[in-house]
(Lines give C-alpha, C1' and ligand atoms only; values in the text may rest on other atoms or scores of the structure.)
Protein backbone atom coordinates (compact mmCIF):
# COMPACT_ATOMS: atom_id res chain seq x y z
CA UNK A 1 0.00 0.00 0.00
CA UNK A 2 1.43 3.39 -1.03
CA UNK A 3 1.15 5.60 2.04
CA UNK A 4 3.20 8.63 3.03
CA UNK A 5 4.52 8.64 6.60
CA UNK A 6 4.86 12.06 8.24
CA UNK A 7 5.96 13.70 11.47
CA UNK A 8 2.70 15.69 11.56
CA UNK A 9 -0.67 14.62 10.14
CA UNK A 10 -3.82 16.66 9.42
CA UNK A 11 -7.52 15.99 8.91
CA UNK A 12 -7.08 14.97 5.28
CA UNK A 13 -4.56 12.36 6.40
CA UNK A 14 -7.13 10.91 8.82
CA UNK A 15 -9.66 10.56 6.01
CA UNK A 16 -7.03 8.83 3.85
CA UNK A 17 -5.93 6.49 6.65
CA UNK A 18 -9.51 5.31 7.21
CA UNK A 19 -9.95 4.85 3.44
CA UNK A 20 -6.80 2.69 3.34
CA UNK A 21 -7.98 0.59 6.28
CA UNK A 22 -11.16 -0.24 4.37
CA UNK A 23 -9.43 -1.22 1.11
CA UNK A 24 -9.45 -4.89 0.00
CA UNK A 25 -5.82 -5.21 1.13
CA UNK A 26 -6.42 -3.14 4.28
CA UNK A 27 -7.27 -4.24 7.81
CA UNK A 28 -9.47 -7.39 8.08
CA UNK A 29 -11.36 -5.97 11.07
CA UNK A 30 -11.94 -2.50 9.65
CA UNK A 31 -13.17 -3.92 6.33
CA UNK A 32 -15.91 -5.91 8.07
CA UNK A 33 -17.42 -3.06 10.06
CA UNK A 34 -20.83 -1.52 9.37
CA UNK A 35 -22.71 1.42 10.86
CA UNK A 36 -24.47 -0.89 13.29
CA UNK A 37 -21.43 -2.96 14.26
CA UNK A 38 -19.57 0.14 15.51
CA UNK A 39 -22.64 1.98 16.81
CA UNK A 40 -21.77 1.23 20.43
CA UNK A 41 -18.19 2.42 19.88
CA UNK A 42 -19.49 5.87 18.97
CA UNK A 43 -21.53 6.03 22.17
CA UNK A 44 -18.61 4.89 24.34
CA UNK A 45 -16.16 7.35 22.76
CA UNK A 46 -18.61 10.20 23.32
CA UNK A 47 -18.94 9.35 26.99
CA UNK A 48 -15.17 9.24 27.29
CA UNK A 49 -15.07 12.82 25.98
CA UNK A 50 -17.53 13.79 28.71
CA UNK A 51 -15.36 12.03 31.30
CA UNK A 52 -12.34 14.05 30.20
CA UNK A 53 -14.37 17.27 30.40
CA UNK A 54 -15.61 16.41 33.90
CA UNK A 55 -12.03 15.70 35.01
CA UNK A 56 -10.67 18.95 33.47
CA UNK A 57 -8.25 16.69 31.59
CA UNK A 58 -7.06 18.63 28.53
CA UNK A 59 -4.69 15.90 27.36
CA UNK A 60 -7.42 13.29 27.73
CA UNK A 61 -9.92 15.55 25.98
CA UNK A 62 -7.57 15.95 23.02
CA UNK A 63 -7.21 12.18 22.72
CA UNK A 64 -10.91 11.39 23.16
CA UNK A 65 -12.01 14.06 20.69
CA UNK A 66 -9.69 12.35 18.22
CA UNK A 67 -11.45 9.05 18.87
CA UNK A 68 -14.85 10.68 18.26
CA UNK A 69 -13.52 12.29 15.08
CA UNK A 70 -12.34 8.86 13.95
CA UNK A 71 -15.88 7.56 14.40
CA UNK A 72 -17.26 10.40 12.28
CA UNK A 73 -14.74 9.74 9.51
CA UNK A 74 -15.29 5.96 9.68
CA UNK A 75 -19.07 6.20 9.31
CA UNK A 76 -18.62 8.72 6.51
CA UNK A 77 -16.18 6.41 4.70
CA UNK A 78 -18.78 3.64 4.71
CA UNK A 79 -21.24 6.00 2.99
CA UNK A 80 -18.52 7.18 0.63
CA UNK A 81 -17.95 3.59 -0.49
CA UNK A 82 -21.70 3.29 -1.09
CA UNK A 83 -21.60 6.41 -3.25
CA UNK A 84 -23.98 8.32 -0.94
CA UNK A 85 -21.85 11.15 0.53
CA UNK A 86 -18.31 11.98 1.64
CA UNK A 87 -16.70 14.01 4.42
CA UNK A 88 -16.96 17.24 2.41
CA UNK A 89 -20.72 16.75 2.14
CA UNK A 90 -20.87 16.32 5.91
CA UNK A 91 -18.84 19.50 6.44
CA UNK A 92 -20.95 21.39 3.89
CA UNK A 93 -24.21 20.41 5.57
CA UNK A 94 -23.12 21.46 9.04
CA UNK A 95 -21.68 24.75 7.72
CA UNK A 96 -24.97 25.55 5.99
CA UNK A 97 -26.88 24.65 9.15
CA UNK A 98 -24.74 26.93 11.32
CA UNK A 99 -25.13 29.86 8.92
CA UNK A 100 -28.90 29.42 8.64
CA UNK A 101 -29.36 29.07 12.41
CA UNK A 102 -27.22 32.13 13.21
CA UNK A 103 -28.96 34.89 11.22
CA UNK A 104 -27.97 37.32 14.00
CA UNK A 105 -24.32 36.74 13.01
CA UNK A 106 -24.51 36.00 9.27
CA UNK A 107 -27.72 37.87 8.46
CA UNK A 108 -29.79 40.87 9.44
CA UNK A 109 -31.70 39.40 12.39
CA UNK A 110 -31.12 41.11 15.74
CA UNK A 111 -30.50 38.98 18.84
CA UNK A 112 -28.74 40.60 21.77
CA UNK A 113 -29.38 37.98 24.44
CA UNK A 114 -28.90 34.23 24.80
CA UNK A 115 -32.68 33.85 25.22
CA UNK A 116 -33.32 35.55 21.87
CA UNK A 117 -30.68 33.40 20.19
CA UNK A 118 -32.21 30.16 21.53
CA UNK A 119 -35.72 31.28 20.59
CA UNK A 120 -34.60 31.99 17.02
CA UNK A 121 -32.69 28.70 16.93
CA UNK A 122 -35.79 26.69 17.85
CA UNK A 123 -37.99 28.50 15.31
CA UNK A 124 -35.47 28.05 12.51
CA UNK A 125 -34.91 24.41 13.46
CA UNK A 126 -38.64 23.70 13.24
CA UNK A 127 -38.83 25.42 9.85
CA UNK A 128 -35.84 23.63 8.34
CA UNK A 129 -37.04 20.24 9.63
CA UNK A 130 -40.61 20.86 8.44
CA UNK A 131 -41.98 20.65 11.96
CA UNK A 132 -45.37 22.35 12.16
CA UNK A 133 -46.23 21.49 15.76
CA UNK A 134 -44.48 21.20 19.10
CA UNK A 135 -45.39 17.51 19.06
CA UNK A 136 -43.31 17.18 15.88
CA UNK A 137 -40.42 18.83 17.70
CA UNK A 138 -40.77 16.41 20.63
CA UNK A 139 -40.83 13.42 18.31
CA UNK A 140 -37.62 14.62 16.68
CA UNK A 141 -35.73 14.27 19.98
CA UNK A 142 -33.59 11.15 19.65
CA UNK A 143 -35.16 8.14 21.38
CA UNK A 144 -31.63 6.77 21.82
CA UNK A 145 -30.78 9.51 24.35
CA UNK A 146 -30.58 8.52 28.02
CA UNK A 147 -34.20 8.60 29.20
CA UNK A 148 -33.60 11.32 31.80
CA UNK A 149 -31.99 13.59 29.23
CA UNK A 150 -34.76 12.91 26.72
CA UNK A 151 -37.45 13.62 29.33
CA UNK A 152 -35.93 16.97 30.23
CA UNK A 153 -35.78 17.98 26.56
CA UNK A 154 -39.43 16.99 26.10
CA UNK A 155 -40.46 19.01 29.15
CA UNK A 156 -38.61 22.06 27.84
CA UNK A 157 -40.44 21.76 24.50
CA UNK A 158 -43.77 21.70 26.31
CA UNK A 159 -42.77 24.66 28.47
CA UNK A 160 -42.02 26.77 25.39
CA UNK A 161 -45.74 26.85 24.54
CA UNK A 162 -46.79 27.42 28.15
CA UNK A 163 -47.73 23.82 28.96
CA UNK A 164 -45.91 23.72 32.27
CA UNK A 165 -46.31 24.05 36.02
CA UNK A 166 -46.26 27.57 37.38
CA UNK A 167 -43.60 26.82 39.99
CA UNK A 168 -41.80 24.04 41.83
CA UNK A 169 -44.51 23.86 44.49
CA UNK A 170 -47.14 22.96 41.90
CA UNK A 171 -44.80 20.43 40.33
CA UNK A 172 -44.09 18.88 43.74
CA UNK A 173 -47.80 18.25 44.29
CA UNK A 174 -47.76 16.11 41.14
CA UNK A 175 -44.83 14.14 42.56
CA UNK A 176 -46.88 13.33 45.65
CA UNK A 177 -49.79 12.20 43.47
CA UNK A 178 -47.56 9.99 41.35
CA UNK A 179 -45.91 8.46 44.43
CA UNK A 180 -49.34 7.54 45.79
CA UNK A 181 -50.24 5.88 42.47
CA UNK A 182 -46.95 3.97 42.47
CA UNK A 183 -47.60 2.71 46.00
CA UNK A 184 -51.03 1.48 44.89
CA UNK A 185 -49.49 -0.32 41.92
CA UNK A 186 -46.91 -1.96 44.19
CA UNK A 187 -49.68 -3.16 46.51
CA UNK A 188 -51.53 -4.69 43.55
CA UNK A 189 -48.34 -6.37 42.34
CA UNK A 190 -48.86 -5.75 38.62
CA UNK A 191 -45.39 -5.28 37.12
CA UNK A 192 -46.67 -3.41 34.06
CA UNK A 193 -48.56 -0.93 36.26
CA UNK A 194 -45.58 -0.55 38.59
CA UNK A 195 -43.31 0.24 35.64
CA UNK A 196 -45.78 2.77 34.24
CA UNK A 197 -46.30 4.56 37.55
CA UNK A 198 -42.57 4.53 38.29
CA UNK A 199 -41.97 6.26 34.96
CA UNK A 200 -44.63 8.86 35.78
CA UNK A 201 -43.02 9.49 39.18
CA UNK A 202 -39.56 9.98 37.68
CA UNK A 203 -40.97 12.28 35.00
CA UNK A 204 -42.81 14.32 37.65
CA UNK A 205 -39.72 14.57 39.87
CA UNK A 206 -37.72 15.80 36.90
CA UNK A 207 -40.22 18.63 36.43
CA UNK A 208 -39.40 19.87 39.94
CA UNK A 209 -35.67 19.66 39.27
CA UNK A 210 -36.00 21.51 35.94
CA UNK A 211 -38.21 24.28 37.33
CA UNK A 212 -35.76 24.75 40.18
CA UNK A 213 -33.09 25.51 37.58
CA UNK A 214 -31.05 22.32 37.93
CA UNK A 215 -30.14 19.69 35.34
CA UNK A 216 -31.69 16.30 36.07
CA UNK A 217 -29.02 14.30 34.26
CA UNK A 218 -26.22 15.97 36.21
CA UNK A 219 -28.18 15.76 39.47
CA UNK A 220 -28.51 11.99 39.16
CA UNK A 221 -24.90 11.67 37.96
CA UNK A 222 -23.70 13.47 41.10
CA UNK A 223 -26.08 11.46 43.29
CA UNK A 224 -24.49 8.24 42.03
CA UNK A 225 -21.01 9.48 42.96
CA UNK A 226 -22.27 10.60 46.36
CA UNK A 227 -23.89 7.22 47.03
CA UNK A 228 -20.72 5.34 46.10
CA UNK A 229 -18.63 7.55 48.41
CA UNK A 230 -21.02 7.12 51.35
CA UNK A 231 -21.43 3.40 50.75
CA UNK A 232 -17.64 3.11 50.72
CA UNK A 233 -17.52 4.62 54.21
CA UNK A 234 -20.22 2.23 55.44
CA UNK A 235 -18.42 -0.75 53.96
CA UNK A 236 -15.16 0.41 55.52
CA UNK A 237 -16.76 0.39 58.98
CA UNK A 238 -18.29 -3.04 58.37
CA UNK A 239 -14.99 -4.53 57.22
CA UNK A 240 -13.03 -2.92 60.04
CA UNK A 241 -15.33 -4.63 62.53
CA UNK A 242 -14.36 -8.01 61.14
CA UNK A 243 -17.98 -8.76 60.33
CA UNK A 244 -20.09 -8.79 57.17
CA UNK A 245 -23.15 -6.80 56.12
CA UNK A 246 -25.34 -9.77 57.05
CA UNK A 247 -24.21 -9.42 60.68
CA UNK A 248 -25.77 -5.96 61.01
CA UNK A 249 -29.39 -4.89 61.18
CA UNK A 250 -30.65 -2.25 58.73
CA UNK A 251 -30.91 0.28 61.57
CA UNK A 252 -27.26 -0.33 62.46
CA UNK A 253 -26.21 0.13 58.84
CA UNK A 254 -28.31 3.31 58.73
CA UNK A 255 -26.29 4.56 61.67
CA UNK A 256 -23.08 3.95 59.72
CA UNK A 257 -24.69 5.77 56.76
CA UNK A 258 -25.47 8.83 58.90
CA UNK A 259 -21.88 8.88 60.12
CA UNK A 260 -20.70 8.72 56.50
CA UNK A 261 -22.94 11.66 55.57
CA UNK A 262 -21.44 13.74 58.36
CA UNK A 263 -17.83 12.80 57.66
CA UNK A 264 -18.08 13.45 53.91
CA UNK A 265 -19.86 16.83 54.10
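The values are calculated or read from the model by the stated rules, or taken from the named source; none is laboratory data. Small disclaimer: the values here were computed from a predicted structure and weren't measured. Using ideal geometry, Cβ is built from the backbone for each residue, glycine included, and neighbour counts are taken over all protein chains shown.
Looking at the stretch 53-68, can you tell me whether even one residue there is closer than 28 Å to residue 157 by Cβ and at pLDDT 95 or above?
Taking the stretch 53-68 and keeping what is closer than 28 Å to residue 157 by Cβ, we get 53-54, 68.
Applying the additional criterion that residues be at pLDDT 95 or above yields 53, 68.
Yes: one or more hits.
Among the listed residues 94, 49, which satisfies the condition of being outside the structural domain of residue 146 (by TED's automatic domain parsing), modelled with pLDDT of 95 or more, under 30 Å from residue 221 (Cα atoms) and under 22 Å from the mean Cα position of the chain (by Cα)?
Numbers: 94 fails: under 30 Å from residue 221 (Cα atoms).
None of the other options fit; the residue is 49.
Among the numbered criteria (1) farther than 20 Å from residue 11 by Cα; (2) in contact (Cβ under 8 Å) with a residue 24 or more places away in the chain; (3) surrounded by 13 or more Cβ atoms within 10 Å (Cβ to Cβ), which single criterion is violated by residue 48?
The one condition residue 48 does not meet is (2).
Take residue 205 and decide whether it is surrounded by 14 or more Cβ atoms within 10 Å (Cβ to Cβ), over 22 Å from the mean Cα position of the chain (by Cα) and modelled with pLDDT of 95 or more. If you could, list the steps in order and put the result at the bottom.
Values: surrounded by 14 or more Cβ atoms within 10 Å (Cβ to Cβ): yes; over 22 Å from the mean Cα position of the chain (by Cα): no; modelled with pLDDT of 95 or more: yes.
No, not satisfied.
Just to be sure before I move on: is residue 152 touching a residue at least 40 places away in the same chain (Cβ under 8 Å) and assigned to a helix (DSSP H, G or I) in the structure I sent?
Values: touching a residue at least 40 places away in the same chain (Cβ under 8 Å): yes; assigned to a helix (DSSP H, G or I): yes.
Considered against the rule, which asks whether it is touching a residue at least 40 places away in the same chain (Cβ under 8 Å) and assigned to a helix (DSSP H, G or I), residue 152 comes out as yes.
Taking the condition of being outside any loop (DSSP other than H, G, I, E, B) and surrounded by 14 or more Cβ atoms within 10 Å (Cβ to Cβ), how many residues in the stretch 18-38 meet it? Full working, then the answer.
Let us first name the residues in the stretch 18-38 that are outside any loop (DSSP other than H, G, I, E, B), namely 18-21, 28-32.
Within this subset, residues satisfying the condition of being surrounded by 14 or more Cβ atoms within 10 Å (Cβ to Cβ) are 18-21, 30.
Adding up the residues that qualify gives 5.
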